[in-house]
Amino acid sequence: MKRTIIKNAKIINEGEIFESDILIEGQYISKVAKSISPNFPNTIIIDAEGNYVIPGLIDDQVHFREPGLTYKGNIYSESRAAVAGGVTSYFEMPNTTPNTTSIKELNNKFNIANDSSIANYAFMFGGTNSNIDEILRTNICEIPAVKLFLGSSTGNMLVDDLDSLEKIFSNVEIPIAVHCEDEQTVKNNLKLHFDTFGNDIPINYHPIIRSEEACFISSSMAVSLAKKTGARLHVFHLSTARELELFSNTIPLKEKKITSEVCIHHLTFCDQDYDKYGSKIKWNPSIKSANDRDKLWEALNNDLIDVIATDHAPHTIEEKQNPYTSCPSGGPLVQHSLVSILEAHHNGKISLETIIQKMCHNPAILFDVNKRGYLKEGYYADLVIFNLNNPWKVSKENLMYKCNWSPFEDTTFKSRVLHTIVNGNTVFKDGVIVESKMGQKIEFNR
């Protein structure tokens with residue numbers, strides 16, 4: 001059996017920071033103790049030298065583009081970027097080509113990931129106006145959630161029929177994850193600006209087209225429907241201060257029926273940054289005002305928001321240079337999610353313990369992930385070692401995204417991921433992918 005001991009670690013786990021050693025046997029953490037001796041031959045020793053050791057991040061929202069859109073990215077390339085950033089498990093979205101709206105396509109993704117994913121993987125099942133029977137046939141221990149797009153998306157995935165929506169909310173027992181933007185509001189705003197500017201609408205108008213109103217109309221409708229039906233609702237990528245009134249922090253996460261997520265880009269950028277970054281920060285929902293960003297930070301720290309994710313969604317740089325109406329929304333983030341949040345820690349916006357709660361523990365709680373998201377004996381050995389003060393600059397040479405660009409290019413981060421372990425195997429070390437295809441299918445306790 002393969003054995004690894006991590007020595008001299010500063011562990012961040014379950015709201016505490018403490019020094020300890022960690023013994024990994026096979027794919028599991030078998031012991032966490034003050035001092036562990038290598039009593040077995042050929043034990044691998046990793047001296048953390050006072051660096052921090054955390055559970056591997058669980059990113060609950062990524063688009064890895066396979067199948068059908070692999071010129072943008074694929075499960076292999078983007079899972080490489082994920083582990084380089086400390087993400088050891090991910091939930092991939094269903095708006096690939098074909099859409100993941102049938103058990104056949106879900107199994108196809110499992111087969112692809114089994115052959116190529118470096119990180120652990122799960123795939124959300126997409127809902128449509130007409131596939132409720134297929135949704136109810138899925139094995140709920142295999143998928144984290146049913147994903148619904150309540151605004152425009154790739155393929156036939158816009159759920160805009162209220163009867164179909166209520167049927168899904170009334171019958172699905174697992175979390176329903178939603179993208180909330182009111183389609184008609186967006187269309188009306190787009191027409192208004194198109195009539196003025198044509199196809200080449202200035203990017204600064206994106207948060208006016210994809211407006212606060214569009215988000216609130218849709219998210220408030222989803223929350224109302226969840227309350228009516230008793231559905232377990234998770235609202236993706238909050239982007240406005242106004243939406244925060246829809247959520248509660250008065251009960252523990254395990255007891256919440258309605259939860260929320262915020263993404264790296266909505267915590268990092270604001271509408272004043274469109275002049276600098278242009279379409280590189282064009283996301284849906286849009287990046288909005290500095291006040292919205294500040295209120296999202298406040299809500300994250302007071303538990304109105306439960307999870308931090310990326311909504312990693314790569315496109316080629318050529319696509320991102322298209323005029324507004326043909327420029328796709330989204331961008332690559334999964335390699336830089338942890339270091340960007342650690343930068344916020346350096347700036348006094350969030351504690352290390354809260355980072356781990358929102359990026360490791362809470363996704364595991366919210367989606368009932370089996371034996372991941374914590375640094376505990378008997379859990380899978382998904383671990384990340386990082387140095388809090390080891391500055392480095394993002395450049396094309398150290399990007400691992402297939403699209404080979406990032407809104408963070410030329411940014412210097414103070415913190416650095418040194419070592420990523422997936423299921424007991426070192427997959428990333430000192431800037432290099434060491435081993436591949438080490439990811440496993442994530443299981444859910446239901």
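Every read-out reported here was derived from the displayed coordinates using simple, explicitly stated rules and does not represent laboratory data. What you are looking at is a predicted structure, and each value in this text was computed from that prediction instead of being measured. So basically every Cβ, Gly included, is an ideal-geometry build from the backbone, and we count neighbours across all protein chains shown.
For segment 8-15, putting each phi into the Karplus relation 6.51 cos²θ - 1.76 cosθ + 1.60 with θ = phi - 60° gives couplings of 6, 8, 9, 8, 10, 6, 6, x Hz, in residue order, rounded to whole numbers and with x for Gly and Pro.
Here r is the Cβ-Cβ distance between Thr325 and Lys34 and R0 is 41 Å; the resulting FRET efficiency, rounded to 0.05, is 0.10. Between Asn42 and Glu16, full extension at 0.36 nm per residue minus the direct alpha carbon distance yields a gain of 6.2 nm. Modelled spin-label separation between Lys414 and Ser130, with each label point placed 7 Å from Cα along the Cα-to-Cβ direction: 5.5 nm. With Cα atoms defining each centre, segment 179-248 and segment 262-298 are spaced 14 Å apart in the structure.
Legend: ranking of residues Val235, Val159 from fewest to most surrounding C-beta atoms inside 10 Å; resulting order Val159, Val235.
Restricting to bridges with both residues inside the chain, how much of the DSSP beta-bridge set is antiparallel, in percent to the nearest 5?
Given both bridge residues lie in the chain, the antiparallel proportion sits at roughly 50 percent.
Modelled spin labels at Asn302 and Ser351, positioned 7 Å past Cα toward Cβ, are 1.7 nm from each other. Restricting segment 238-342 to trypsin sites (Lys or Arg not before Pro) that sit in a DSSP loop and have at most 16 other Cβ atoms within 10 Å of their own Cβ leaves Lys257. Annotation: for a label point projected 7 angstrom from Cα along Cα→Cβ of Leu388, residues of segment 394-423 with backbone N closer than 15 Å are 414-417. The 3J(HN,Hα) values that the Karplus relation (6.51, -1.76, 1.60; θ = phi - 60°) gives for segment 401-406 are, in residue order, 5, 4, 6, 6, 8, 7 Hz. Gly and Pro appear as x. Within segment 180-196, whose backbone N sits under 12 Å from a point 7 Å along Cα→Cβ of Leu162? No residue qualifies, since no backbone N sits under 12 Å from the label point. The lysines whose alpha-carbon is closer than 17 Å to the alpha-carbon of Lys349, local same-chain residues fewer than 8 away aside, are Lys295, Lys358, Lys414. Amide H contacts of Arg232: Ile176, each under 5 Å away and 5 or more positions distant or on a separate chain (H built 1.01 Å from N in the peptide plane; Pro and chain starts excluded). Computed extension length for Asn114-Asn139: 7.2 nm, one decimal, from 0.36 nm per residue of separation with the Cα-Cα distance subtracted. Of the chymotrypsin sites (Phe, Trp or Tyr not before Pro) found in segment 67-164, those that fall in a DSSP loop while having at most 13 other beta-carbon atoms within 10 Å are Tyr71. For the chain, the longest principal axis of the C-alpha atoms and the axis of helix 290-301 are separated by about 40°. To the nearest Å, what is the center-to-center distance of segment 28-74 and segment 411-430, using C-alpha atoms only? The two parts, judged by their Cα centres, are 8 Å apart.
If you build a Gaussian network model of the chain, linking Cα atoms that sit under 10 Å apart, which residue out of Ile140, Ile421, Ile58 swings the most? Maximum fluctuation in the GNM of the chain, among the listed residues, is at Ile140. The amide H of Leu69, built 1.01 Å from its N in the peptide plane, has Thr97 as neighbours under 5 Å, considering only residues 5 or more places off or on other chains. Shown here for segment 4-68: chymotrypsin sites (Phe, Trp or Tyr not before Pro) in loop regions (DSSP other than H, G, I, E, B) with at most 15 other Cβ atoms within 10 Å, of which there are none. Across segment 59-119, C-alpha contacts under 8 Å between residues 6 or more apart give a mean separation that, scaled by the residue count, equals a relative contact order of 44 percent.
Using a simple spin-label model with pseudo-atoms 7 Å out from Cα toward Cβ, Lys187 and Thr316 lie 3.0 nm apart.
Divide the volume of the convex hull of the Cα atoms of segment 204-281 by its number of residues and quote the answer in cubic angstrom per residue.
Given the Cα convex hull of segment 204-281, per-residue volume reads 100 Å³.
From least to most packed, judged by other beta carbons within 10 angstrom and beginning with the fewest, Val369, Val87 follow the order Val369, Val87.
Relative contact order, whole percent, for the chain stands at 22, derived from Cα pairs under 8 Å and 6 or more residues apart. Here the 3J(HN,Hα) profile of segment 173-184, calculated from phi with Karplus coefficients 6.51, -1.76 and 1.60 at θ = phi - 60°, is 8, 8, x, 10, 9, 10, 9, 10, 8, 6, 4, 5 Hz, Gly and Pro shown as x.
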